[in-house]
Every structure is written in structure tokens, then in C-alpha cells.
């Protein structure tokens, strides 16, 4: 009976892996097909060769280089501020003693429950009146604001289990509060910071709603909005170049997560068990 259960479990795991992996495999092979193969053979047929020119066309004629640059600018700058603010605020509402500590902590936790769509119209009006539409700054400010709640929540989960003895020893040795945060706490909460960086990178890199709402200039479009209008760059459906552009957007994130997977899991579970 145990062998039957183990075999059934193995079959289920194999089917799940196939369901998860096959679309990625198909997308990768589709990105290497020549344009003629789409009309001569079924879409699920394997490609007859490796047409790497699709990636060159996607990067140059499809303006993927510009889209990547815009996404990197808005994402990386917002990540820097999200990490700085989440570490400092998380420390302030977890380890410091002050009057409105619990109220501020609840305020940021409440931000996780706010639907993104509710803020679209008010933010659009604010950015329109302040002349920030069609700028990188409007996306950066929005990314920071909507990324702080979850990031602070993750940092708080780690700091709750962080021993006070280490901080007390650092203070006795003459360490000020700023040095305590950046030279004592920050190196020890590496996994939590990596978790915040990876999760927020995925959220910001894959953002479509904000970038599509606030950015209309083609020179400032990010990767996701660029992919949305990608076929217009060629005047016809160049499927090879389209799938090449999608592959360039998806696979770097998968590789990044595979490399940092262990640190992300440890950061997510930090503070879950006391001891």
C-alpha cells in the first residue's frame, strides 16, 4: 500500500512539473523559430533550427533595450529606498520604545489590505496636477509607497525574534542608533533583506497597471507595457521576436529566484519559530 501511495505521489509530482515546465520550454523554443515555421507547421511543433536573430530584432527593432532600461531605472531606485525605509521603520516599531509605535505599525500593516486599483484615480490626478505624469519619478514614488507595507511586515517578523542582548552589548560599547542599525542589525538580517529585494523586484518588474496608467510616452515605457504593444513595432505579428522579448523578460527573473531561493525561504520563515 505504501508503494502504491509513493508511486501515485510520484506521478502527481511529475505531472505538476510537466505542467509548470512545458510552457517555459515551449516559449523558449518558439522564440527561436523562423517566421516561416509558424505558417508551415503547427504551433506546438518543435523548431527546425535556432534562429537567434529573433532576439536581435526584439532588442533593437522592438525597442526592448529602451524598455529594459526604463524598468531597471524605476525598479532599482525604488528597491533602494524600500530597503532603507523598511529596515529603519521596522526597527523603530519593533525594538524602539515610543508613544505611537503600535499605531504606526498598524498603519503600515493596514496598507497591505488596500487594493491597488483604489489609488489609481487619486494618484493620476495628483501626478497630473504636479506635472509628474510621463516621468520615472511618478512610478518610483508609487512603487515605494506600495512596497513598504509588505516589506516592513517581513522585517518586523525577523526583528521580533532578534535577541536584544546583541543590541544592548553594542550600545554599551558606545554604538549609536544609526550605527546599530547599519553595522550590527543589517548584516545579520541579510536573508530578510534578500527576501524583500526579490519579492519587490518581481512585483515592480512585472507591474503593468501603474506603468500603463501613468506612462504614455513610448520612450518611457517599461518592459510590461512595451510587451503589450510590442507587435506594433513590426506592423505584423513577428511571433519569433515576440516570444524572444517575453523570454528576455521572464527567464532572468526565474534564474534570479533559483539563485536566491534558499535565502528567500529563510527570510519568509524568519521569526515564525521562537527558540
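The values are calculated or read from the model by the stated rules, or taken from the named source; none is laboratory data. All figures in this text were calculated on a predicted structure; none of them were measured in a lab. Heads up, the Cβs are rebuilt from the backbone with ideal geometry, glycines too, and the neighbour counts pull from every protein chain shown.
May I ask you to say which residue of 33, 69 is within 26 Å of the chain's Cα centre (by Cα) and either more than 19 Å from residue 247 (Cβ to Cβ) or modelled with pLDDT of 85 or more (or both)?
Only one candidate passes the filter, namely 69.
Quick one: how many residues across the stretch 214-223 are surrounded by fewer than 19 Cβ atoms within 10 Å (Cβ to Cβ) and either in a loop (DSSP other than H, G, I, E, B) or under 19 Å from the mean Cα position of the chain (by Cα) (or both)?
Residues flagged as surrounded by fewer than 19 Cβ atoms within 10 Å (Cβ to Cβ) and either in a loop (DSSP other than H, G, I, E, B) or under 19 Å from the mean Cα position of the chain (by Cα) (or both) within the stretch 214-223 amount to 2.
Condition check ((1) assigned to a loop (DSSP other than H, G, I, E, B); (2) in contact with a helix residue (DSSP H, G or I) (Cβ under 8 Å, 6 or more places away or on another chain); (3) under 30 Å from residue 217 (Cβ atoms)) across all residues:
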| site | (1), (2), (3) |
| --- | --- |
| 27 | no, yes, yes |
| 48 | yes, yes, no |
| 76 | no, no, yes |
| 80 | no, no, yes |
| 84 | no, no, yes |
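Could you count how many residues in the stretch 126-158 are within 23 Å of the chain's Cα centre (by Cα) and part of a helix (DSSP H, G or I)?
Of the residues in that region, 23 qualify.
List the number of the failed condition for residue 112; all other conditions in (1) on the phi > 0 side of the Ramachandran plot; (2) part of a helix (DSSP H, G or I) hold.
Every listed condition holds for residue 112 apart from (1).
Across the stretch 50-74, which residue is farthest from residue 205 (Cα to Cα) among those that are in contact (Cβ under 8 Å) with a residue 24 or more places away in the chain and outside any helix (DSSP H, G or I)?
Among those that are in contact (Cβ under 8 Å) with a residue 24 or more places away in the chain and outside any helix (DSSP H, G or I), it is 51.
Looking at residue 14 and the list (1) closer than 14 Å to residue 242 by Cα; (2) part of a helix (DSSP H, G or I), which single condition is not satisfied?
Going through (1) closer than 14 Å to residue 242 by Cα; (2) part of a helix (DSSP H, G or I) one by one, residue 14 breaks only (1).
Which one of these does residue 97 not meet: (1) in contact with a helix residue (DSSP H, G or I) (Cβ under 9 Å, 6 or more places away or on another chain); (2) loosely packed, with under 15 Cβ neighbours inside 10 Å; (3) in a loop (DSSP other than H, G, I, E, B)?
With (1) in contact with a helix residue (DSSP H, G or I) (Cβ under 9 Å, 6 or more places away or on another chain); (2) loosely packed, with under 15 Cβ neighbours inside 10 Å; (3) in a loop (DSSP other than H, G, I, E, B) applied to residue 97, the lone miss is (1).
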